[in-house]
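Take a look at the structure set out below.
FYI, it's all coordinate maths here, none of it is from the lab. Remember, predicted model here, so these are calculated numbers, not experimental data. We place every Cβ from the backbone using ideal geometry, glycine too, and count neighbours over all the protein chains shown.
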Protein chains: 2
Amino acid sequence: MRVDPRRVMERVQDIARSGSAFYERFVARQEGVLRVHERARFRGGRLVVGDHELDGVPVVLATGARPAQSPLPGRDDVPFLTSDSLMHLDELPRSLAIVGAGPIGVEFAQALARLDVEVSLVYRRVMPLAEDELDASQCVAHALERDGVRLFPSSAGIRLARGRGGGVRVEWDGGGVQADHVLLATGREPSVQDLDPASAGLELDRGGLAVDEQLRTTVPGVWAIGDAVGGHHLHYQYTHVATFEGPLAAENALRGTTHRPDYNAMPRVTFTDPEVAAVGLTELQARARGYDVLCHRKPMRQLGKAKAMGEQDGFVKVVLDRKTGKLLGGSIVAYHAGDLLPALTTPLHIRGGDLDALLATTFPHPTMSEGVKVAVRDAWRQLAEGG
Amino acid sequence: MRVDPRRVMERVQDIARSGSAFYERFVARQEGVLRVHERARFRGGRLVVGDHELDGVPVVLATGARPAQSPLPGRDDVPFLTSDSLMHLDELPRSLAIVGAGPIGVEFAQALARLDVEVSLVYRRVMPLAEDELDASQCVAHALERDGVRLFPSSAGIRLARGRGGGVRVEWDGGGVQADHVLLATGREPSVQDLDPASAGLELDRGGLAVDEQLRTTVPGVWAIGDAVGGHHLHYQYTHVATFEGPLAAENALRGTTHRPDYNAMPRVTFTDPEVAAVGLTELQARARGYDVLCHRKPMRQLGKAKAMGEQDGFVKVVLDRKTGKLLGGSIVAYHAGDLLPALTTPLHIRGGDLDALLATTFPHPTMSEGVKVAVRDAWRQLAEGG
């Protein structure tokens, strides 16, 4: 659907509010739930919520993340937006400079460019989405340029300064842009300091709560999930990860189970158009781990549905272990790639990458999902032929 | 994408042509393939293709289907369109009456209504898509009405007649409509008569070629696949079924294998907006077979992605066997439901409906695919709680 740019912020806020309200009602309906809307912190080893001191009650911390407090020079001298505060603007800016081309940076860059905001995207790395497959990054860079986003890759020494005659300047070694506003999209960090974790003996790992394989923090009786967790978990700042961990931690806390979440098949999606969806290892990651890999790439433009829809961007790329024929990872760049990903996630998650189930399943024609089946089938055929 | 109504037939024909050309090139690239563009028929038990008489060569028949020659009264007196001939029109009609509300009827009804054709849909059954879940039919009926299609359900004694002052009339007991053209969407039937199957001893079953479980016809050395096949296969008139059977029949023919295609998890998709995608048994079918069923229905409008996209129509409905907890079937009515179906097809196909894999897989948020996961999870929970 096409949204009127003048009404878009109102719509964004409406949708966010209705989502919150839905979960408020959901929680309120559950029996045995006491909701306390108060600030929580540890004091003398105990969790204090408003006037309530919780003692002997199992605790699951899920305090989430906030925009990273990156040490960008000039940051204290100019007003800037974060992915949180931008959502609360009443009107779109005329021009916006974005620092950082990870998922948040590219999502906002494209969305706002399509709403006729003049967008400049400034980033340190050579490509946007630098953790993804190189061909996925290229596809997204191309899509951003087509939508009118000005890209400034490989920018060293990024700093902020007051704009000439108002606004903000983003400068780097050898260049600079001016805009009405600047959005810092330099990552999000666990939001745990307000808890005063040190007073409880809660150890941190790379800025977030340290947990063991069962999501236990270093304090007995206290578990943690979602974006509040540190360490390698910082790669999994997704709502669906928290949703997945929540019930496991709660069961571990209340029933003494020892569930250990498995992150090998955690989906990663960036909501640009086309979307970038991935699971498991990229080609580079698999090579770095010493696998002898076979990669196969199916362009979406070969699919009947892609032609009929006029949505021909992207591809499905699968990474197989030549030795075992198993799936190591896959990336889908396509219109609604996130919806196509479960077909790759299930074999990776359950059977260690065994592809028999996928190969035996008939995918409906004409759909975009056929790309997944064909990519896997052709990779498998190539492997069987010793290719 | 939005297509200019004046250019749409040109676009449709371009896409169809480019699809054919793609497969022409694909076949031409294969080693050892001789293409003969001639009419084929059996004569004295042997297949004759143009001047070539094929003897001792294994044959796979894939002659497809054509619009059904239904015995509609008045059919010989007026010109009518079929789903084939409509695709070759140079211009859209101003008004169109469609007889039949199966997949073909409803797809054309909606597509043409959205291109500003005045569409009347006349059908015998109470609901469109009468083989699907009742709530899927209701959802599609509602979508058609919203798009301006006039529905004439439960119409008995449907017949054609010349229109007053040109055009065509579709009449039924107690009513009638007039339109520029009429589209007969009363099914497709195997296209086998031109082969002269009787002369070869090829038996028929409900108008199509009779085959055994290995796709062998009644003549040794002759196999058949796709829409040319009769019997229960008439329920599987889908491109992806032929694509699935082709390699199995070819291997059986050339290598002496005994592959038996399994139709239990064959996807069925109707490409309306929202799409209707289904696999396995509907609630009614499962009850008719004596299963004690648990059904669960997750409305799409509860999903964050559906809200954000403004695509809130539809639902995911799963049918479980209470005794075993296994999946018997599922229907998805949603924007791009066909792309979401493989998540339900894989467990049904491979493990007889075992849902462990699906339940353990994390679906990415926010996507439409979450609806599948949540429907299955909630159904399973309800079952566990004895609900």
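Could you grab the relative contact order for segment B:231-283? Cα pairs under 8 Å, six or more apart, rounded to a whole percent.
Numbers: 30 pairs, mean separation 12.2, N = 53.
About 23 percent, as a whole number.
Ascending distances from the B:Leu134 label point to its copies in the other chains, with the point 7 Å along the Cα-to-beta-carbon line: 5.9 nm. For B:Arg287 and B:His232, a Förster radius of 30 Å and the Cβ-Cβ distance give a FRET efficiency of 0.90, rounded to the nearest 0.05.
Please give the net charge around A:Leu383, taking every other residue with its beta carbon less than 14 angstrom from that of A:Leu383, where Lys and Arg add +1 and Asp and Glu add -1.
That sum, taken over residues with Cβ under 14 Å, equals -1.
A crude spin-label estimate for the pair B:His142 and B:Arg260, with each label 7 Å from Cα along the Cβ direction, gives 4.3 nm.
To the nearest Å, what is the center-to-center distance of segment B:83-149 and segment A:114-186, using C-alpha atoms only? Computed from Cα coordinates, the inter-centre distance equals 47 Å. Each Lys and Arg adds +1 at its Cβ and each Asp and Glu adds -1 at its Cβ; summed about the Cα centre, the protein assembly as shown shows a dipole of about 120 debye.
In this structure, A:Arg159 and A:Arg125 have a Cβ-Cβ separation that, at R0 = 25 Å, corresponds to a calculated FRET efficiency of about 0.90. Partner lysines whose Cα lies under 29 Å from the Cα of A:Lys326, excluding those fewer than 8 positions away in the same chain, are identified as A:Lys298, A:Lys305, A:Lys317, A:Lys373, B:Lys326, B:Lys373.
Computed from label points 7 Å out along Cα-Cβ, the spacing between B:Gln214 and A:Arg7 is 6.4 nm. Positive-end ranking of B:Ser95, B:Ala253, B:Tyr236 along the dipole of chain B, with charges on Cβ about the Cα centre, is headed by B:Ser95. DSSP assigns beta bridges within segment A:83-186; of those with both partners inside it, close to 45 percent run antiparallel. Computed over the alpha carbons of segment A:175-286, Rg followed by Dmax gives 17.1, 58 Å. Just checking the listed ones, A:Ala200, A:Ala185, A:Ala278: in the Gaussian network model of chain A with Cα springs under 10 Å, the one fluctuating most is A:Ala200.
I'd like the FRET efficiency for A:Asp135 and A:Val27, computed as 1/(1 + (r/R0)^6) with the beta carbon distance as r and R0 of 41 Å, rounded to 0.05. Numbers along the way, then the final one.
On the way: r = 43 Å, r/R0 = 1.04.
Calculated value: 0.45.
Counting only helical runs of four or more DSSP H residues, what would the 222 nm mean residue ellipticity of the protein assembly as shown come to if each run contributes -39,500 (n - 2.57) and the total is spread over all its residues?
-9000 deg cm²/dmol
This ranking places A:Arg206, B:Arg124 by how few other beta-carbon atoms lie within 10 Å of each, fewest first, which gives A:Arg206, B:Arg124.
Here the label points at B:Leu54 and A:Leu383, each 7 Å from Cα along the C-beta direction, are separated by 3.4 nm in the simple model. Sorted ascending by nearby beta carbons within 10 Å, beginning with the fewest, B:Ile15, A:Ile225 become B:Ile15, A:Ile225.
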